[in-house]
Amino acid sequence: VDIIGLSGLITPSLDEMVHVASEMQRLGMDLPLMIGGATPSRIHTAVKIDPAYEQAVVHVADASRAVGVASKLLSKTAKADYVAELKETYEGLRVRRKQQQVDRSLISIEQARQHRFQPDWSSYTPPEPKVKGLKVFDDYPLEDLVQRIDWTPFFRSWELAGKFPRILEDEVVGTEASKLYRDAQAMLEKIVEEKWLTARAVIGFWPANSVMDDIELYRNPGDKEAFMTLHHLRQQLDRTKSHQQGSKERKPDFCLSDFIAPRETGLTDWLGGFAVTAGIGIDEHVARFEADHDDYSSIMLKALADRLAEALAERMHEKVRKDYWGYASDEALSNQDMISEKYRGIRPAPGYPACPDHTEKALLWELLEPEKNAGMTLTESYAMLPAAAVSGWYFSHPEAKYFGTGKLAKDQMDDYAARKGMTRKEIERMVPHLLGYMDEEQS
């Protein structure tokens with residue numbers, strides 16, 4: 001072994017990378033450590049991983065650069081200067097990061113709550129779902145999903161930048177993209193006709209009310225006692241905008257709970273949840289390709305399974321809006337309109353910007369029982385298996401919108417940890433990229 005590589009898919013893996021680097025340091029290893037994947041960033045590598053390991057640590061932005069980086073790390077003449085330059089660069093990033101944290105303009109969590117988004121609940125009647133409880137889809141037809149695929153992320157997964165279908169005519173990557181698209185269509189035909197994959201899903205709806213940043217779920221409308229409480233994080237940005245006339249405009253600091261009727265309104269609101277996968281059966285085909293050393297087909301199949309899972313999430317959400325919840329029964333949107341999110345309501349997923357804490361996924365799993373109902377499991381770090389899977393929440397309010405929490409202050413981390421019955425350190429490990437302060441180890 002000449003180099004160790006770590007690839008992170010979801011945010012809990014960030015802390016594991018730091019742990020691996022610390023263990024390599026403890027064991028006195030001298031192998032270079034390459035960091036990549038969807039989650040790690042250059043700044044996280046510099047601030048968290050590099051200080052834990054005295055030897056070479058390199059963040060590699062994408063797979064196409066890995067060979068060049070590896071060549072430098074293995075070069076007897078170039079390695080020393082390359083590593084020294086990296087260490088100097090990362091130290092500079094740490095210094096700038098520390099200054100940014102000092103300068104960052106965050107307001108207290110109490111101020112953010114005072115400036116929360118507050119719809120007019122007095123003139124609103126929450127729509128009641130037509131389907132109550134859980135609804136299971138054991139073998140959703142793949143042919144219904146093919147025309148709903150969003151192809152732009154597919155090309156991005158192959159490091160080809162451009163929007164579909166324009167990418168097929170692109171002067172730089174058009175030829176390669178067109179070949180990739182033809183190959184994908186050919187494999188997609190086999191996947192559907194030969195039933196390589198099985199798509200499964202489970203959705204559910206529960207009476208709900210918000211209590212500031214939390215959402216309480218009830219077994220029946222009118223219940224006073226919640227059987228489960230979901231916890232959410234709120235933006236803490238100073239969103240005051242000054243105008244030339246001297247007036248100031250204050251934009252709200254959003255939290256997902258803002259889109260559910262508060263308990264004190266007396267309204268019965270509803271929250272939905274979903275878990276879908278298009279990856280059932282994928283392992284045997286991946287193993288077949290890998291046994292033939294056909295990495296291209298293996299990667300292609302995984303990429304297409306991901307696209308089918310996202311298409312199934314899109315299709316389920318459409319059915320929820322039009323049929324199962326039914327608050328937009330007259331909706332008539334094109335596939336592109338849905339990709340562009342022109343529908344009413346949102347479906348945020350744990351781990352994504354509006355609800356970045358993956359531990360909340362465990363509560364979604366309790367509600368939906370995806371192991372039994374969709375053949376899906378959670379790892380100890382909250383990754384979903386099969387990997388071609390999507391899960392999240394349904395909100396129906398017409399003003400519900402996607403947003404990112406942005407950086408968060410220590411007072412909210414303490415408050416959130418107390419509400420969840422966890423320590424702040426445990427929460428920090430779940431959302432290290434969102435800390436708007438320097439922790440004790442960094443300061």
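The values are calculated or read from the model by the stated rules, or taken from the named source; none is laboratory data. Keep in mind the model is a prediction, meaning the values are calculated, not measured. In this analysis, Cβ positions are derived from the backbone assuming ideal geometry, glycine residues included, and neighbour counts consider all displayed protein chains.
Below is a table of values for the structure above.
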| item | result |
| --- | --- |
| Number of the condition not met by residue 186 [criteria: (1) surrounded by fewer than 12 Cβ atoms within 10 Å (Cβ to Cβ); (2) in contact (Cβ under 8 Å) with a residue 40 or more places away in the chain; (3) of a type in the set (Gly, Ala, Ser)] | (2) |
| Candidates 67, 60 - the one that is exposed (fewer than 12 other Cβ atoms within 10 Å of the Cβ) and either among the hydroxyl-bearing types (Ser, Thr, Tyr) or out of contact with any Leu (no Cβ under 8 Å at 6 or more places or on another chain) (or both) | 67 |
| All positions within the stretch 124-162 that are farther than 20 Å from residue 309 by Cα, at pLDDT 95 or above and out of contact with any strand residue (DSSP E or B) (no Cβ under 7 Å at 6 or more places or on another chain) | 124, 125, 127, 130 |
| Single residue of the stretch 396-410 satisfying the filter (under 17 Å from the mean Cα position of the chain (by Cα) and closer than 16 Å to residue 347 by Cα) that is surrounded by the most Cβ atoms within 10 Å (Cβ to Cβ) | 405 |
| Of all residues in the stretch 308-351 being out of contact with any Lys or Arg (no Cβ under 8 Å at 6 or more places or on another chain) and of a type in the set (Ser, Thr, Tyr), the one that is surrounded by the fewest Cβ atoms within 10 Å (Cβ to Cβ) | 334 |
| Residue 341, sole failed condition from (1) at pLDDT 95 or above; (2) in a loop (DSSP other than H, G, I, E, B); (3) within 20 Å of the chain's Cα centre (by Cα) | (1) |
| Criterion: buried (at least 17 other Cβ atoms within 10 Å of the Cβ), farther than 27 Å from residue 38 by Cα and aromatic (Phe, Trp, Tyr) - qualifying residue of 154, 227, 137, 164 | 137 |
| Whichever residue in the stretch 350-384 is on the phi > 0 side of the Ramachandran plot and not acidic (Asp, Glu) and, among such residues, is farthest from the chain's Cα centre (by Cα) | 375 |
| Sole exception among (1) farther than 28 Å from residue 407 by Cα; (2) not in a strand (DSSP E or B) for residue 233, by number | (1) |
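Residues checked against (1) farther than 23 Å from residue 320 by Cα; (2) outside the structural domain of residue 387 (by TED's automatic domain parsing); (3) of a type outside the set (Lys, Arg):
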site: 250; (1), (2), (3): yes, no, no
site: 254; (1), (2), (3): yes, no, yes
site: 264; (1), (2), (3): yes, no, yes
site: 269; (1), (2), (3): no, no, yes
site: 275; (1), (2), (3): no, no, yes
site: 281; (1), (2), (3): yes, no, yes
site: 284; (1), (2), (3): yes, no, yes
site: 290; (1), (2), (3): yes, no, yes
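Each row is one residue, and each column tells you yes or no for (1) assigned to a helix (DSSP H, G or I); (2) closer than 30 Å to residue 383 by Cβ; (3) aromatic (Phe, Trp, Tyr).
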residue	(1), (2), (3)
35	no, yes, no
50	yes, yes, no
73	yes, yes, no
76	no, no, no
88	yes, no, no
91	yes, no, no
98	yes, no, no
